[in-house]
Amino acid sequence: MTPALIYWISTALLSLLYLASAFAYATKGDWVRQALTDLGYPTYLVPFMVAVKLAAIAAILSRFNIGISDLAYAGIFFHLILSAMAHLGVHKPKGAVPAALGLLLLVASFATQNSARETPSPYAHFAGL
């Protein structure tokens, strides 16, 4: 598989993961609030998380600014790490599976973005793909 194809497939799947998550946050408010409470987080984060998830995907897909796109990758990275750690911390390892999958997709997308996009990211060259 070519790096450009890996980029587009991983980016599309990562985008779908985040869009599905934002949709669930927006439409299943009671369930999401309970899940956040179970993880020890305040429920006022729900609307903020919907906006941030949508903004991150928009920044990565549009790449209107390479720096913002790279910051979105970093934000998603930290979100997925913290999500996995939160689920593992309350002894719910099955809840960490989407975050682990998201991390794999994120790494593949970030590492191959320069082969698929016209304007390269100065930070993605270290990945070696």
Query - Candidates per chymotrypsin sites (Phe, Trp or Tyr not before Pro) in the range 59-129, loop by DSSP, up to 11 other Cβ within 10 Å - result: Phe64
Requested in this report: Pull up all non-local amide H partners of Tyr41: gap of 5 or more, or a different chain, and H-to-H distance under 5 Å with H placed in the peptide plane.
Outcome: none
Query raised in the report: Is it possible to state the helix-based mean residue ellipticity at 222 nm for the chain, with each DSSP H run of 4+ residues giving -39500 (n - 2.57), the sum divided by total residues, to the nearest 500 deg cm²/dmol? What is it?
Result: -26000 deg cm²/dmol
Query raised in the report: Once the Cα atoms of helix 3-27 and of the chain are each reduced to a long axis, what angle between those two axes, in degrees from 0 to 90 to the nearest 10, is obtained?
Result: 20
Query raised in the report: Cα convex hull of the range 47-129: how many Å³ per residue?
Result: 93
Report task. Could you tell me how many degrees, from 0 to 90 and to the nearest 10, lie between the Cα long axis of helix 29-39 and the main elongation axis, the longest principal axis, of the Cα atoms of the chain? Result -> 90
Report summary line: If unit charges are put on Cβ atoms (+1 for Lys and Arg, -1 for Asp and Glu) and the dipole of the chain is taken about its Cα centre, the option from Ala58, Leu104, Ala22 lying farthest towards the positive end turns out to be Ala22
**Report entry** Accessible solvent surface per residue of the chain, calculated while the other protein chains remain in place, 1.4 angstrom probe, Å²
**Finding:** 59
Query raised in the report: In the chain, carbon and sulfur make up what percent of the accessible area (probe 1.4 Å)?
Result: 74
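The values are calculated or read from the model by the stated rules, or taken from the named source; none is laboratory data. For clarity, every value in this text was computed on a predicted model and none was experimentally measured. We place every Cβ from the backbone using ideal geometry, glycine too, and count neighbours over all the protein chains shown. Surface accessibility is based on the protein's heavy atoms, side chains included, excluding ligands, DNA and RNA. Shrake-Rupley method; radii C 1.70, N 1.55, O 1.52, S 1.80 Å.
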